[in-house]
Amino acid sequence: MKKIWDISPLISPGGPVFPGDAPYRVKWVLNYSQENPLNLCSISLSPHIGAHADAPLHISEGGQAISDIDIWPFIGTCRVIHALSCGPLVFPKHLIHASAPLPERILIRSRQAAPKVWESGFTALSPETIQWLHEQNVSLIGIDAPSIDPLNSKTLPSHNKLFEFKMRVLENLVLDEIPENDYELIALPLKLEGACASPVRAVLRSL
């Protein structure tokens, strides 16, 4: 039997949220009782909470919504690459040790452990890294940080370059226990009409 790793963080009301974003909330509409044979809740949340996929609409008024993008990049062989303690940005030099050759999907582990509260000093991706991965025919990039651009970036160069190349991205993964190796990735976004992103339940399966 193939082994499965869940690489999605828990989404909870007290979990880390990008500054200014909408937190996760649960509201109970019905509670189980003699009159009601079930529990029923509604939820509200930013689509950028937890493990998630960004759509081009996230950074462009006329970009594709998450419901309109191809889903094939989110299923298939991927490689987990460790780029620990490399500073504020991941550059190609931090990944080249595992690049002979790269599969279409890569996941980058940039921190020792996923945080339980918001941390602003995460490691992002340099635009040069996006360019280099595109040249290696990579179609999807995943990272264990909440964004591929730094927290205070106003121009979002890595997001822009990624969508320019029609690449896809997964953010906020949990790769703490995942060795460098090749796996099967399954991380499908929801078909949310008009949304700029979607939560995913990201898992790895042994090949």
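When the range 46-86 is examined, which residues are found to be among the polar types (S, T, N, Q), modelled with pLDDT of 95 or more and surrounded by fewer than 14 Cβ atoms within 10 Å (Cβ to Cβ)?
First, pick out the residues of the range 46-86 that are among the polar types (S, T, N, Q): 46, 60, 64, 67, 77, 85.
Applying the additional criterion that residues be modelled with pLDDT of 95 or more yields 46, 64, 67, 77.
Within the range 46-86, just Thr77 meets the criteria.
When you scan the range 179-188, do you find a residue that is surrounded by 14 or more Cβ atoms within 10 Å (Cβ to Cβ), out of contact with any Leu (no Cβ under 7 Å at 6 or more places or on another chain) and farther than 28 Å from Glu61 by Cβ, even just one?
Scanning the range 179-188 turns up at least one residue that is surrounded by 14 or more Cβ atoms within 10 Å (Cβ to Cβ), out of contact with any Leu (no Cβ under 7 Å at 6 or more places or on another chain) and farther than 28 Å from Glu61 by Cβ.
If you check every pair at least six apart or on different chains, which have Cβ atoms under 9 Å apart with a residue in the range 71-86 that is on the phi < 0 side of the Ramachandran plot first and a residue that is surrounded by 15 or more Cβ atoms within 10 Å (Cβ to Cβ) and of a type in the set (Phe, Trp, Tyr) second?
Taking only residues 6 or more apart or on different chains, the pairs are Thr77/Tyr183; Cys78/Tyr183; Arg79/Tyr183; Val80/Tyr183; Ala83/Phe91.
Would you point out which residue out of Val174, Val117, Val138 is among the β-branched types (Val, Ile, Thr), loosely packed, with under 15 Cβ neighbours inside 10 Å and under 28 Å from Ile11 (Cβ atoms)?
On the way: Val174 fails: loosely packed, with under 15 Cβ neighbours inside 10 Å; Val138 fails: loosely packed, with under 15 Cβ neighbours inside 10 Å.
Only one candidate passes the filter, namely Val117.
Starting from the range 26-40, keep only residues that are modelled with pLDDT under 95 and surrounded by 10 or more Cβ atoms within 10 Å (Cβ to Cβ), then list their pairs with residues that are aromatic (Phe, Trp, Tyr) and in a loop (DSSP other than H, G, I, E, B) whose Cβ atoms are within a distance under 7 Å, requiring at least 6 positions of separation or different chains.
Correct list of pairs: Asn39/Tyr32.
Name every residue in the range 3-25 that is under 16 Å from Ala202 (Cβ atoms) and of a type in the set (Ser, Thr, Tyr), in order of residue number. Lay out the reasoning, then the answer.
The initial filter retains those residues of the range 3-25 that are under 16 Å from Ala202 (Cβ atoms), namely 3-11, 15.
If the condition is that a residue be under 16 Å from Ala202 (Cβ atoms) and of a type in the set (Ser, Thr, Tyr), then Ser8 is the only one that fits.
Condition first: surrounded by 22 or more Cβ atoms within 10 Å (Cβ to Cβ) and either over 16 Å from the mean Cα position of the chain (by Cα) or assigned to a strand (DSSP E or B) (or both). Now tell me which residues in the range 141-155 satisfy that.
Matches in the range 141-155: Ile141, Gly142, Ile143.
Can you name every residue in the range 189-207 that is surrounded by fewer than 21 Cβ atoms within 10 Å (Cβ to Cβ) and in a loop (DSSP other than H, G, I, E, B)?
Answer for the range 189-207, where residues must be surrounded by fewer than 21 Cβ atoms within 10 Å (Cβ to Cβ) and in a loop (DSSP other than H, G, I, E, B): Leu190, Lys191, Leu192, Glu193, Gly194, Ala195, Cys196, Arg201, Ser206, Leu207.
The values are calculated or read from the model by the stated rules, or taken from the named source; none is laboratory data. Just so you know, these numbers come straight off a predicted model, no measurement behind them. We place every Cβ from the backbone using ideal geometry, glycine too, and count neighbours over all the protein chains shown.
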